[in-house]
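> Take this structure, written in structure tokens, and hold onto it; I'll ask about it next.
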Amino acid sequence: MKSALFVLLIICFVNSYAESTVYKYKDHSGNTVFTDNRPEDVEPEKVTLKSKEKEKKQPRFYVEENSGNYHLQVENPLYAPIQITVSFNETHPAVHDLVGPDEIRTLATFSHNDFKYRYRWVLGDPGSTPTESMYSFPVIKSGKYRISQGFKGGFSHSKEPNLYALDIALPIGTDLVAAREGVVISVKDDYHMSGKNDYFLDKANYVKILHADGTYATYAHILMGSASVEPGEVVSEGQKIARSGSSGYSRGPHVHFVVRKNSGMKTRSLPFVMLDKAKQKIVLEKGAIVKM
């Protein structure tokens with residue numbers, strides 16, 4: 001059977017593990033430190049970080065034949081709805097639809113298999129209404145933490161979908177916790193390098209969590225192999241989800257935290273209020289110090 005022409009590339013599944021070795025040791029204050037530079041004043045433990053991720057799941061568009069007809073299908077393996085739009089090169093009208101989590105749907109049927117189409121998809125339900133904007137600080141370990149980039153920051157928060165993102169400088173290996181309860185949408189923790197050029201823009205490791213109001217949070221640049229949650233898992237506020245790192249487009253170890261929603265085939269970030277463990281509002285400006 002001759003396949004329909006895909007105008008956009010479908011992302012394939014990847015079935016390989018990745019590994020990296022770092023050093024682990026206790027500093028003079030008794031804190032556990034992870035680093036890729038061997039310390040000179042202590043004898044560190046070598047730790048092999050191995051990604052637990054076997055498949056990079058993405059929505060899949062494909063053609064299926066049945067009784068001489070050809071059905072364009074979409075499969076959404078994510079634990080969140082997606083909004084899609086599909087256009088064709090012939091008289092068939094464009095398809096605009098919302099596909100639920102773990103759903104397979106027929107989008108169009110043709111009597112021939114040489115039709116062409118384009119598609120786009122965006123994570124989230126555009127009809128959802130955010131109902132909450134207060135979040136806990138994603139670190140619960142006692143200490144002082146610096147905001148290295150706030151909302152509308154000049155380095156990488158100057159445009160959507162990161163306009164209202166927050167960067168918190170953290171030592172590598174710091175435990176990260178969920179700032180709000182929700183369902184884990186997806187996890188990527190298979191990359192160990194970082195840099196400041198465009199090559200690294202799509203390399204960051206992350207955990208994405210869907211909230212009850214349709215918004216979702218991304219915790220990015222996590223340490224390779226450190227994710228402690230899995231897609232589909234329900235997590236509570238304050239539950240450990242990963243450890244901090246510097247993977248992807250990054251100038252140094254930190255967590256990039258952002259809350260997003262689908263505003264109609266367009267992903268935008270949302271401003272939010274963050275609270276410390278005393279339930280006091282945190283100043284979310286570059287250079288501010290958060291005491292936990």
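> Return only the number of the condition from (1) in contact (Cβ under 8 Å) with a residue 40 or more places away in the chain; (2) of a type outside the set (Lys, Arg); (3) in a strand (DSSP E or B) that HIS192 does not satisfy.
It fails just one condition, (3).
> Kindly establish whether ARG243 is among the charged types (D, E, K, R) and buried (at least 20 other Cβ atoms within 10 Å of the Cβ).
yes
> Looking at region 264-282, is at least one residue buried (at least 20 other Cβ atoms within 10 Å of the Cβ), out of contact with any Leu (no Cβ under 7 Å at 6 or more places or on another chain) and not assigned by TED's automatic domain parsing to the domain that holds GLY100?
yes
> Separate question: Considering only region 149-172, state which residues are small (Gly, Ala, Ser) and surrounded by fewer than 21 Cβ atoms within 10 Å (Cβ to Cβ).
Result: GLY150, GLY153, GLY154, SER156, SER158, ALA169.
> Before we move on, is MET193 touching a His at 6+ places or on another chain (Cβ under 6 Å), more than 22 Å from SER269 (Cα to Cα) and at pLDDT below 95?
The answer is no for MET193.
> Further question: Restricting attention to region 208-221, does a residue exist that is in contact with a Pro (Cβ under 7 Å, 6 or more places away or on another chain) and among the β-branched types (Val, Ile, Thr)?
Yes, there is a match, as at least one residue in region 208-221 is in contact with a Pro (Cβ under 7 Å, 6 or more places away or on another chain) and among the β-branched types (Val, Ile, Thr).
> Still on this structure, I have one more. Within region 64-106, count every residue that is crowded, with 19+ Cβ neighbours inside 10 Å and hydrophobic (A, V, I, L, M, F, W, C).
The total comes to 8.
> Still on this structure, please answer the following. Could you tell me which of the residues LEU5, LEU9, LEU98, LEU49 is under 27 Å from VAL234 (Cα atoms) and either more than 30 Å from the chain's Cα centre (by Cα) or modelled with pLDDT under 70 (or both)?
One residue alone meets the criteria, LEU49.
> OK, next. Is it fair to say LYS203 is closer than 21 Å to PRO59 by Cα and either assigned to a loop (DSSP other than H, G, I, E, B) or in contact (Cβ under 8 Å) with a residue 60 or more places away in the chain (or both)?
Judged against the criteria, LYS203 is a match.
> Of the residues that sit in region 115-142 and are within 18 Å of LEU98 (Cα to Cα) and of a type in the set (S, T, N, Q), which one is surrounded by the fewest Cβ atoms within 10 Å (Cβ to Cβ)?
Out of the qualifying residues, it is THR129.
> Looking at LYS144 and the list (1) assigned by TED's automatic domain parsing to the domain that holds ALA242; (2) without any contact (Cβ under 8 Å) to a residue 40 or more places away in the chain; (3) of a type in the set (Lys, Arg), which single condition is not satisfied?
Condition (2) is where LYS144 drops out.
The values are calculated or read from the model by the stated rules, or taken from the named source; none is laboratory data. If you're wondering where the values come from, they're calculated on a predicted model, not measured in any experiment. In this analysis, Cβ positions are derived from the backbone assuming ideal geometry, glycine residues included, and neighbour counts consider all displayed protein chains.
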